[in-house]
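To start, the structure itself, in structure tokens.
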Amino acid sequence: MLDEKCTMTWQYVHLTSGSPTSRNLEQDSQKLIQDFLSVGKESPEYLDHVSKQVDKYRHQTVPLKKPTEYPLRIGGLNDTIYEEMEEELEAWENFYMPDRVEMKVIGAIDTFPSLAVGLQLIILAGRDGNIYAYENEVLHQVADCLQDLFENGLAFPGTKIYNYGECFEPMTDDEYSELMQSEEVQKMEGENREFIQSNEDEFLRILARIEEKENVEKVSNEVVPYNDHIASVAWNGWQACR
């Protein structure tokens, strides 16, 4: 399915009657932008609101200041070459950045000169408020928020770039040291010390029982050495008594 879609020419039209004038197009874009921005990224309802606007304005296009020749086409995951591939969205959320970020596809930029599959750049809104673009196992942070995207366009390559799987790379010594000194780790270590100290007597009793059991098993498994000379004497003595 993906290969077939990669060869398709993506053509979309505004869902409006007749041939709208430039003024009408601008008014439509302004209304779309206002609706998308009516709920801020700090709101718990932010991503749900974004999803509703995507459904409302599906297939409509919004011109961007950057790149000027490539408008944003509004749509969800199923309006891209990744149709019905929910595992791809899960990968974008989980396998690129250090911490998981829930995301919603808000659209795509078609025939965009890049390494993206089918030259289709997938645009996503993150729970953290940032806007991301997916380009073939590379995730770009292209705007700080929806307002930044609509007012200034997208920064590509992104201001931050995340490669597939890099979040699982081993930590450096400095990163490990910083982690061990973090408030969360220090709190966990303190709780562990308190738990061990408060149960010290019980731990010692358990260790004593384990040691006692091991000693008993060691004794029971000992084998008395077999002495050939003693056995021979005993046998000869028995034969003589017959």
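The sole residue among E83, E69 that is free of Cβ contacts under 8 Å to residues at least 40 places away in the same chain and either on the phi > 0 side of the Ramachandran plot or surrounded by fewer than 19 Cβ atoms within 10 Å (Cβ to Cβ) (or both) is E69. Would you say L149 is part of a loop (DSSP other than H, G, I, E, B) and of a type in the set (A, V, I, L, M, F, W, C)? When the stated conditions are applied, L149 does not pass them.
Scanning the stretch 89-105 for residues that are in contact with a strand residue (DSSP E or B) (Cβ under 8 Å, 6 or more places away or on another chain) and either charged (D, E, K, R) or assigned to a loop (DSSP other than H, G, I, E, B) (or both) yields E93, Y96, M97, V101, E102, K104. The set of residues from the stretch 38-76 being within 20 Å of P113 (Cα to Cα) and in contact with a Cys (Cβ under 7 Å, 6 or more places away or on another chain) is empty.
Scanning the stretch 115-159 for residues that are over 16 Å from P67 (Cα atoms), touching a residue at least 24 places away in the same chain (Cβ under 8 Å) and in contact with a helix residue (DSSP H, G or I) (Cβ under 7 Å, 6 or more places away or on another chain) returns V117, G118, L124, A125, R127, L139. Restricting the first member to the stretch 97-108 and to residues that are closer than 21 Å to F150 by Cα, and the second to residues that are aromatic (F, W, Y) and surrounded by 13 or more Cβ atoms within 10 Å (Cβ to Cβ), the beta-carbon pairs closer than 6 Å and six or more apart or on different chains are M103/W92. Among the residues in the stretch 174-197, are any among the basic types (K, R), outside any helix (DSSP H, G or I) and either closer than 23 Å to G118 by Cα or modelled with pLDDT of 75 or more (or both)? No. When N94 is tested against (1) polar (S, T, N, Q); (2) at pLDDT 95 or above; (3) under 21 Å from the mean Cα position of the chain (by Cα), just one condition goes unmet, and that condition is (2). Can you find a residue in the stretch 131-141 that is surrounded by fewer than 21 Cβ atoms within 10 Å (Cβ to Cβ) and polar (S, T, N, Q)? Taking every residue of the stretch 131-141 in turn, at least one turns out to be surrounded by fewer than 21 Cβ atoms within 10 Å (Cβ to Cβ) and polar (S, T, N, Q).
The values are calculated or read from the model by the stated rules, or taken from the named source; none is laboratory data. On a predicted model such as this, the values are computed, not experimentally measured, just so you know. A quick note on method: Cβ atoms are made from the backbone with ideal geometry, for glycine too, and the neighbour counts reach across all protein chains shown.
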